[in-house]
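The values are calculated or read from the model by the stated rules, or taken from the named source; none is laboratory data. What you see is a predicted model; the values in this text were computed from it and never measured. No Cβ is skipped: glycine too gets one built from the backbone with ideal geometry, and neighbour counts run over all protein chains shown.
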Amino acid sequence: MATATATVKVVKTSTQTGDIIARWVVTLFAASLLAMAILLVYELVIGSADARAKLGIWRFLVSTRWNPVTEDFGAAPFVYGTVVTSVLALLISVPFGLGAAIFLSELAPARISNALTFVIELLAAIPSVIYGLLAIFTLVPLMRLYIEPFLKRTLGFLPLFQGTIYGVGFLTAGMVLAIMTVPFIISVSRESLLAVPRDQREAALALGATKWETTWQIVVPYAKLGILGSIFLGLARALGETMAVTMVIGNDPSIHASLLAPGYSIAAVIANEFSEAGGKIHPAALVELALVLFCLTILINGFARLMIMATTSKGSKRP
Amino acid sequence: MNRLSWRKLVNGVMLTLTGVCTVVTISVLFVILGCLLYFGAHSLNWNFFTRLPLPPGEEGGGLANAIVGSLQIVGLAALIGIPIGFLAGVYLAEYEDRHFASVVRYVADLLNGVPSIVVGILAWTLIVLPMKTQSGLAGSVALAFMLIPIVTRQTEQFLREVPLALREGALALGASKWRMIATVAVPAGSKGILTGMILGVARISGESAPLLFTALNNQYWGGLREPTASLPVMIYKLATSPYDDWNRQAWAAGLVLITLVLLANIAARLVLARGVSVPRG
């Protein structure tokens, strides 16, 4: 009897120690993610200290000069290029993405919808350098020979469509980004549309609304936070996209009103100059640009996640 | 035209337009695949897989070093990233402490959204600066940083799909918690977890931005301690070069890369489509 109790006790303590160790190990690995995030912010802030000390934060952000020789650096042309191309991308990809998401959630039968969503997810899996490769050899000549001359002829009275045609530039980069962001907008919007309760649709249809009126006036407003979230998610991806943009934006650090002109983006200048940056200030200025980009995407991503959480938890489709 | 037929017209037109949007988006994938096949297939030959790159003007070089380099860099990144991401995911799914877990989850999502080029800078300061040279190792670390949050979230998601009843059964039989996790929960969710890992590795294997200044590039065989060529970076260099022969090789390399990435994606999803290993409770 006494031995039996003793054995039970031993077993119990050993499982408890095992549990405690296991708990510590996994908690440690979970904490490593936090450590990674903190390390990332720390390195970006420390790495850019030299540039801040020499140029000042405000002057760095508004200056339009970028001259490695005189060590005079300004972020404005890159921030401008990043924002303009991303906004252009959304102007094209949001209508397309929302349209396709509506088709996939409201019209297509479940089997077809799932199959098409699978194809769209494959589109999201294509590496960005492949988009860049295709854009250089197919989209850029197309833009130079047909689309941009056409825009210049018809809309050339606007300052947006003036100047020399190169093929590369803000508009081309925006179009590539549009193609790259559409899959994300579709898959997240579709999820939020699917999370809208069935009764909402049935009630509208029973009142005599057409399918489109039901979708546009009832279903889409119900899912609007999730759709907005998908747009912000797409925006964050477009802002941080590097390779495809580097290959088609033209790499010219200046601000042009015309969308046909070549420009530059934050990610592109880091990709082009970081490995060859000499001295102390040039790399630090590039790291500071990375910090600006990091803050932009974190802000927008955090916003997007909150909105998506708000809608998908609201829906009652899943038990 | 009366009001009803106007409404029906709007209905028809708009619904057709949503279909058009879908068709256009889907056709982009086929245009991409078609272009890669059309421009890339005829440059694929035995030399491409077995020989080193040649200087411009000399025909017949290959990208053997970039293919091997990619395997090395991605392989090491998976070795570093998968265990860390997996264990962090186990924590999120099984040991949820209210505040800490939600902070980790949110941070994992944010890390997922950090631009890859910024991750490259982190690996550069951590590995390239102390080693004083770009190296395959630095590239692996950069890719591992990208892989960890992906694997974490996927592991968590699929562990959560394992029914609670299975866990309670194991605990009721007297298994300790970690034994329950190791012998019941993880095996039950293994298909999904594996899918997540394959998708994560497929995603990082196409990344070039974080490798640009960590692994750099190399015309010869690389290694973990020296600059190493990789397929995505090679595609970038070849595609932006002014030489026709190099551009042709870029297409061939693109075709190889996309074949690998898409095959991994399709395989992962087919594994998953067979269902979770246990019936839903």
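Odds and ends about this structure:
- Applying the set (1) more than 7 Å from chain B (Cβ to nearest Cβ); (2) under 16 Å from A:Val176 (Cα atoms); (3) free of Cβ contacts under 8 Å to residues at least 60 places away in the same chain to A:Ile130 leaves exactly one unmet item: (1).
- Some residue of the range B:49-60 being more than 29 Å from A:Gly234 (Cα to Cα) and part of a helix (DSSP H, G or I): yes
- Matching helices (runs of 4 or more DSSP H) fully within the range A:216-319 where at least 2 residues are of a type in the set (Asp, Glu) and within 14 Å of chain B (Cβ to nearest Cβ): none
Every residue, every condition in (1) more than 23 Å from B:Glu207 (Cβ to Cβ); (2) of a type in the set (D, E, K, R); (3) in contact with an Asp or Glu (Cβ under 6 Å, 6 or more places away or on another chain); (4) surrounded by 14 or more Cβ atoms within 10 Å (Cβ to Cβ), yes or no:
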{"site": "B:Gly12", "(1), (2), (3), (4)": "yes, no, no, no"}
{"site": "B:Cys21", "(1), (2), (3), (4)": "yes, no, no, yes"}
{"site": "B:Val28", "(1), (2), (3), (4)": "no, no, no, yes"}
{"site": "B:Cys35", "(1), (2), (3), (4)": "no, no, no, yes"}
{"site": "B:Glu58", "(1), (2), (3), (4)": "yes, yes, no, no"}
{"site": "B:Val68", "(1), (2), (3), (4)": "no, no, no, yes"}
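- All conditions in (1) more than 7 Å from every other protein chain (Cβ to nearest Cβ); (2) of a type in the set (A, V, I, L, M, F, W, C); (3) crowded, with 17+ Cβ neighbours inside 10 Å; (4) closer than 19 Å to A:Met309 by Cβ hold for B:Phe100, with the sole exception of (3).
- For the range B:201-243, residues that are away from chain A (no Cβ under 11 Å) and buried (at least 21 other Cβ atoms within 10 Å of the Cβ) total 5.
- Condition check for B:Ala123 on (1) touching a helix residue (DSSP H, G or I) at 6+ places or on another chain (Cβ under 6 Å); (2) at the interface with chain A (Cβ under 9 Å from one of its Cβ atoms): one failure, at (2).
- Test: B:Ile181 is touching a residue at least 24 places away in the same chain (Cβ under 8 Å), buried (at least 21 other Cβ atoms within 10 Å of the Cβ) and touching an Asp or Glu at 6+ places or on another chain (Cβ under 6 Å): yes
- Count of residues meeting criterion [under 21 Å from A:Ile57 (Cα atoms) and within 21 Å of the chain's Cα centre (by Cα)] in the range A:269-299: 16
- Selected residue (only one of B:Gln157, B:Gln134 is in a loop (DSSP other than H, G, I, E, B) and either under 20 Å from the mean Cα position of the chain (by Cα) or within 11 Å of chain A (Cβ to nearest Cβ) (or both)): B:Gln134
- Checking each residue in the range B:222-252 for being assigned to a loop (DSSP other than H, G, I, E, B) and closer than 23 Å to B:Gly75 by Cβ picks out B:Gly222, B:Leu224, B:Arg225, B:Pro227, B:Thr228, B:Ala229, B:Ser230.
- Taking the listed residues A:Thr138, A:Thr117, the one that is of a type in the set (Ser, Thr, Tyr), crowded, with 17+ Cβ neighbours inside 10 Å and in the same structural domain as A:Glu191 (by TED's automatic domain parsing) is A:Thr117, with no other qualifying.
- The listed residue being surrounded by fewer than 16 Cβ atoms within 10 Å (Cβ to Cβ), more than 11 Å from chain B (Cβ to nearest Cβ), of a type outside the set (Ser, Thr, Tyr) and in a helix (DSSP H, G or I), out of A:Leu91, A:Leu28: A:Leu91
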